Each structure stands twice: as structure tokens, then as C-alpha cells.
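Readers should treat all values here as calculations from the given coordinates under stated rules, not as data from a laboratory. These figures come from a predicted structure and were not determined experimentally. FYI the Cβ positions are ideal-geometry reconstructions off the backbone, even for glycines, and counts take in every protein chain you see.
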Amino acid sequence: MRIAVPTNDGEMVSGHFGRSRKFLVYEVEGGRVAGRSVMENAGPNGEHSHGGVLEALAGCDVVIAQRMGDGMAQALGRRGVKRVNAGRARTAEEAVRLYLEGELASEPAGGCGHGHSHEGGHGDGHCDGSHCS
């Protein structure tokens, strides 16, 4: 199983999945982490790109994140990728450990948690980042 966690600094879980600079990808075998790699967010020039994120995460089975826009959540769902809320986990390693221990909950598709609408102006269903932390 491959688990991806968004990060900007290589340690902490990024606040917004699609805008993270990179993803830590954990290889899990027999319920234990067997390896870790770093995948750059393939969006051009660090821009928000669903296609770039999906390219970077090809082959991942699970993503653990704090926030994710509706469009990305739906795109991952169409690819069969399970979306999990990082909950109280702050570091990527903690998030993966909690997931493997069954302490993190899966989320339904959608809902970025920014407290604003993605209608009228976004058109394609993703956040413009103006309310992102």
C-alpha cells in the first residue's frame, strides 16, 4: 500500500493538499512502513494543478490531508484513492502511524474546509487559494 501526505517542509502536514510543495509517499508492507520517498507537486511553477497532483500521486492508495478542495477529492475518488482526514496529526509520520493504528477517519469526497463557496467564479470546482492558510 502507498500512502501520500502533503508537506511543504518535508515533516509537517501541509494545511491544503493541492497547494503543498511536495508529498511524502510511504510504502507500507504488513502494516508497517517499509520506505518513504518524496514526490514534488508536479504543478507547473508551483501553481495549483489537479493534473499535476494526480500525476505526482500515481499509484497511491491513500491520501492523508488536513484540507482538500471538492474537485481534487472527487478526482482522487474517481481513481479509487481513499481520502483520510489527518485529524490531530501534525507531522506526516504521526499521520501515517495514526492511520495504520486505525485512529484516523475516512472522509467523504469534497469539502475543503475554507468556509467559502466554490461556486460562481471558480467554475472548475477548486479553490483559488485566497482563503487558504
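Spin-label model, residue 107 to residue 21: label points 7 Å out along the Cα-to-beta-carbon direction sit 2.3 nm apart.
What does DSSP give for the range 2-100 in terms of the percent of beta bridges that are antiparallel, rounded to the nearest 5? Antiparallel bridges make up about 75 percent of those DSSP assigns within the range 2-100.
Once the Cα-Cα distance is subtracted from the 0.36 nm per residue extended length, the residue 70 to residue 90 segment shows a gain of 5.0 nm.
Each Lys and Arg contributes +1 and each Asp and Glu -1, all at the Cβ; summed about the Cα centre of the range 2-100, the dipole is approximately 260 debye.
Between residue 97 and residue 61, the contour length at 0.36 nm per residue exceeds the Cα-Cα span by 11.4 nm.
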